[in-house]
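Below you'll find the structure, written out as C-alpha cells, and then a few comments.
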Amino acid sequence: MSNVILLNGSPHQSGCTATALDEMITVFESEGIETELIQVGSKDIRGCIACNHCHKTAKCVFDDLVNEVAPKFEAADALVIASPVYYASPNGTILSFMDRLFYSTHFSKHMKVGASVVSCRRGGNTASFDVLNKYFTISGMPIASSTYWNQVHGFTAEDVKKDAEGLQTMRNLARNMSFMIKALADAKAKYGYPKVERSQFTSFPDGK
C-alpha cells in the first residue's frame, strides 16, 4: 500500500500546522493511502555541521530523529513538510531537520511526490513556501500543488478551522498527491522512471 510521511515542523502538536495536516490525513485515508505523522518541531534538532560523516556511514553523525526518519523516508512514496512561519521563513527546527535528512541520505528520492504546507497569521507565507519546496526541486521530486498556495491562516487552531478556503486547499492538495502517487506507480510499471544522469559535478578550481 502507498504511504505518505507528514512532518510537523511546529512545536505545537495540536496547533495551526497540525490542523492543516489533519485535514490532509483524512483525505489520504479515504484514498487508501497510509500516513505517518511525525512531530519534528518540538524536538531538539541541531543543524548540519558539514562534517561529511554521512558520506562514510550513510547516516548522520548526530543520532537523533533524523536517522530514525531516514529509512521511513526511503520507503515512502511521498513526503509532506509543514511549518509555521517565523519571521517570514520556516521554523528553524524543521530547516535544520530537513538539511540533515536530505544531505545524509544517499538513496534516490527521484519521483517521490513532495508537498510543502505553511501556516501563518498574516504574512511570510509564500516566502516560507518557496524555501520548503527547494528540498524537492533539487532531488527530482515532483511537487504536488492545489487550488491555492498550500497555506492556512490563523493565530490558533480554532482560527484555522474557520479558514474554509485554507482547509479546502489542504483537501485538494491531498487528493492531488494521492492521484500523483497512484499515477506514478502505474507509469513506473509501464514505462520505468526517467534516466538520471549523475556524472557531471561543476566546480571551478583555480578560478577557472
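The residues in segment 129-152 that are touching a helix residue (DSSP H, G or I) at 6+ places or on another chain (Cβ under 7 Å), closer than 14 Å to Ser83 by Cβ and of a type in the set (A, V, I, L, M, F, W, C) can be counted, and the count is 2. Just checking, does segment 19-30 include any residue being among the charged types (D, E, K, R) and either touching a strand residue (DSSP E or B) at 6+ places or on another chain (Cβ under 6 Å) or at pLDDT below 95 (or both)? Looking through segment 19-30, none of the residues is among the charged types (D, E, K, R) and either touching a strand residue (DSSP E or B) at 6+ places or on another chain (Cβ under 6 Å) or at pLDDT below 95 (or both). Among the aliphatic types (A, V, I, L, M), in a strand (DSSP E or B) and closer than 17 Å to Ser139 by Cα - does that describe any residue in segment 37-51? No, segment 37-51 has no match at all.
Go through segment 36-75 and count every residue that is in contact with a Cys (Cβ under 6 Å, 6 or more places away or on another chain) and closer than 25 Å to His12 by Cβ. Residues that pass the stated criteria total 2.
Residues in segment 37-77 that are touching a strand residue (DSSP E or B) at 6+ places or on another chain (Cβ under 7 Å) and open to solvent by less than 20 Å² (accessible area, probe 1.4 Å): Ile38, Val40, Gly41, Val69, Phe73, Ala76.
The residues listed here are Ala183, Ala174; of these, the one that is at pLDDT 95 or above, of a type in the set (A, V, I, L, M, F, W, C) and surrounded by fewer than 15 Cβ atoms within 10 Å (Cβ to Cβ) is Ala183. Asn125 meets the conditions (1) touching a residue at least 24 places away in the same chain (Cβ under 8 Å); (2) closer than 29 Å to Thr57 by Cβ in every case but one. The failed one is (2).
Might you check whether a residue that is surrounded by fewer than 14 Cβ atoms within 10 Å (Cβ to Cβ), among the charged types (D, E, K, R) and within 25 Å of Gly15 (Cβ to Cβ) occurs anywhere in segment 133-149? Yes: one or more hits.
In segment 69-83, the residues that are in contact (Cβ under 8 Å) with a residue 40 or more places away in the chain form no Cβ pair under 8 Å with any partner that is part of a loop (DSSP other than H, G, I, E, B) and open to solvent by 60 Å² or more (accessible area, probe 1.4 Å), whether six or more places apart or across chains.
Got at least one residue in segment 77-94 being farther than 24 Å from Val131 by Cβ and more than 13 Å from the chain's Cα centre (by Cα)? Among the residues of segment 77-94, not one is farther than 24 Å from Val131 by Cβ and more than 13 Å from the chain's Cα centre (by Cα), which makes the answer no.
The values are calculated or read from the model by the stated rules, or taken from the named source; none is laboratory data. On a predicted model such as this, the values are computed, not experimentally measured, just so you know. Please note: Cβ atoms are built from the backbone with ideal geometry, for glycine as well, and neighbour counts cover all protein chains shown. In case anyone asks, the SASA skips ligands and DNA or RNA and just uses the protein heavy atoms, side chains included. Shrake-Rupley method; radii C 1.70, N 1.55, O 1.52, S 1.80 Å.
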